[in-house]
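Step one of this worksheet: look at the structure below.
What follows draws every value from the coordinates through simple rules; no lab data is involved. None of these values were measured; they are calculated from a predicted model. In this analysis, Cβ positions are derived from the backbone assuming ideal geometry, glycine residues included, and neighbour counts consider all displayed protein chains.
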Amino acid sequence: GGLRGGGAVSEAIETAMLELIGKLAPGKSVSPEEVARAADPENWRRRLGHVRAVARGLARQGRIEITRHGKAADPEQFKGVYRLRAPQPVDAAQEQGDGS
């Protein structure tokens with residue numbers, strides 16, 4: 001079953017991205033290649049541009065974070081190699097949980 005049409009591709013990528021990020025340990029990130037492979041194992045290289053576009057959209061909504069060199073990047077301006085992770089709490093006070 002090949003993915004036809006931009007909508008289906010974006011949907012598959014968004015689903016794969018959110019699932020992969022949801023399984024990560026806190027502070028860990030996933031590469032665009034991993035997302036593309038999960039969404040479309042056969043044609044993943046062709047999907048890397050889609051992954052970037054979907055990541056940008058989700059980052060704008062605050063649902064994920066795009067990182068470069070381990071720091072959050074501006075979804076409008078980032079270039080080059082990037083990774084994806086769950087949004088990090090900005091307020092350090094929120095991190096004083098019991099670790100569960």
Inset, instruction - Report the GluC sites (Glu not before Pro) located in the stretch 1-77 that are in a DSSP loop and have at most 10 other Cβ atoms inside 10 Å of their Cβ, or state none. - result: E42, E76
Legend entry - Extreme residue, positive dipole direction of the stretch 6-87, given options G7, G80, A25 (C-beta unit charges): G80
Inset, instruction - List the pair-distance distribution P(r) of the stretch 6-87, using every Cα-Cα distance, as the percent of pairs falling in each 10 Å bin from 0 up to the bin containing the longest distance, rounded to whole percents. - result: 20, 58, 21, 0
Inset, instruction - Report ³J(HN,Hα) in whole Hz for each residue of the stretch 49-61, in order, from the Karplus equation J = 6.51 cos²θ - 1.76 cosθ + 1.60 where θ = phi - 60°; Gly and Pro get x. - result: x, 5, 4, 4, 5, 5, 4, 4, x, 5, 5, 4, 7
Legend entry - Relative contact order [Cα under 8 Å, 6+ residues apart], the stretch 6-87, whole percent: 32 percent
Legend entry - Under-5 Å amide H pairs with T67, H placed in peptide plane, nonlocal only: A73, R83, L84, R85
